[in-house]
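Written out below as structure tokens is the structure these notes cover.
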Amino acid sequence: IYRLSTLFEYVHAASLLHDDVLDNADLRRSKPSARQVWGNSAAVLGGDFLYAAASAIAVECKDLELIQLLSDVLKRMVEGQFLELEHTHDWKITKTAYMEIITAKTATLIAAACTSGAMVAHADDKTMRHLGEFGLNLGIAFQLMDDLLDYTSSQEAFGKPVGKDLKEGKITLPLVYFVSELEKGEGERLAELFKSQKAKDKDYEDLVRRVRTHGAIERVRSEASEYVERACEALGLLPDSPGRRSLMELGTYILTRRR
């Protein structure tokens, strides 16, 4: 249990170190990011070290299936980041492409963490599959809400600047829904303004405000709730226990978190 907990915490921390470099982020959880304190080179090397340490822990478990699981998820996470990079400033990105990105870069890691617990406990295939489905759906819900907070939260609550995804050219689901209902000329005007880097702070503030007052916010929140429901349904196979109830409580936390 301790090995698995450490392994996945290392992978998660490594991904955040690299993510802050990719996003030029100055804040992480209301504090200066590692790249801001020690520079990009140290942040990248720190992330590389944690990935290597996670792999070493997996080897210590002496479970080839677990090592394969970790290798697969690391590959998928990087593929997700590449796909997100490919769609930077892509105002025509589809919901399908967006869902592929968040599934790869976020949900697969949570799914693997859930699957691995059953794996090392020598659970049957059905139990492993259900726990993996729980983690995958929970991970999708988490990223949907995280992207939503970029439009609905405040910097003080969120721990990083609100609207930062937009400034980095990340077109997330709230904006996808908002743009889909604009007249063609208005959508093209906004796309050109923000893609050309000519937008001022007021332009970003105005767009965030427009998205906030649009039905897209409620639509994304509703979809996140549906994924939490699917996650909880996947746990139906397991008998009632404090552990099962704790897992189900994660869904409530995801839907109500403010940071």
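Residues of the stretch 114-128 that are touching a residue at least 12 places away in the same chain (Cβ under 8 Å) and surrounded by fewer than 23 Cβ atoms within 10 Å (Cβ to Cβ): Gly117, Ala118, Met119, Val120, Lys126, Thr127, Met128. For the stretch 32-48, a tally of residues being touching a residue at least 24 places away in the same chain (Cβ under 8 Å) and open to solvent by 30 Å² or more (accessible area, probe 1.4 Å) returns 2. Each residue in the stretch 56-75 was checked for being without any contact (Cβ under 8 Å) to a residue 40 or more places away in the chain, open to solvent by less than 100 Å² (accessible area, probe 1.4 Å) and more than 24 Å from the chain's Cα centre (by Cα), and 2 of them qualify.
Between Lys167, Lys195, the distinction of being under 22 Å from Ile93 (Cα atoms), open to solvent by 40 Å² or more (accessible area, probe 1.4 Å), touching a residue at least 60 places away in the same chain (Cβ under 8 Å) and not aromatic (Phe, Trp, Tyr) belongs to Lys195 only. Count of the stretch 238-259 residues, restricted to those that are surrounded by fewer than 15 Cβ atoms within 10 Å (Cβ to Cβ), over 22 Å from the mean Cα position of the chain (by Cα) and touching a residue at least 12 places away in the same chain (Cβ under 8 Å), is 0.
Of Ile110, Ile93, Ile140, all but one fail to be in contact with a helix residue (DSSP H, G or I) (Cβ under 9 Å, 6 or more places away or on another chain), surrounded by 19 or more Cβ atoms within 10 Å (Cβ to Cβ), not in a helix (DSSP H, G or I) and not aromatic (Phe, Trp, Tyr); the exception is Ile93. Looking across the stretch 20-31, the residues that are of a type in the set (D, E, K, R), open to solvent by 30 Å² or more (accessible area, probe 1.4 Å) and closer than 17 Å to Gly46 by Cα come down to Asp26, Arg28.
Residue selection: Leu27 fails the criterion of being under 18 Å from the mean Cα position of the chain (by Cα) and under 29 Å from Leu69 (Cα atoms). Is it true that Lys160 is open to solvent by 30 Å² or more (accessible area, probe 1.4 Å), modelled with pLDDT of 95 or more and closer than 30 Å to Glu192 by Cα? No: the conditions fail for Lys160.
The values are calculated or read from the model by the stated rules, or taken from the named source; none is laboratory data. Treat the numbers as computed from the prediction; the structure is a model and nothing was measured. Note that each Cβ is placed from the backbone with ideal geometry, even for glycine, and that neighbours are counted across all protein chains shown. What goes into the accessible areas is simple: the full protein's heavy atoms, side chains included, and nothing from ligands, DNA or RNA. Shrake-Rupley method; radii C 1.70, N 1.55, O 1.52, S 1.80 Å.
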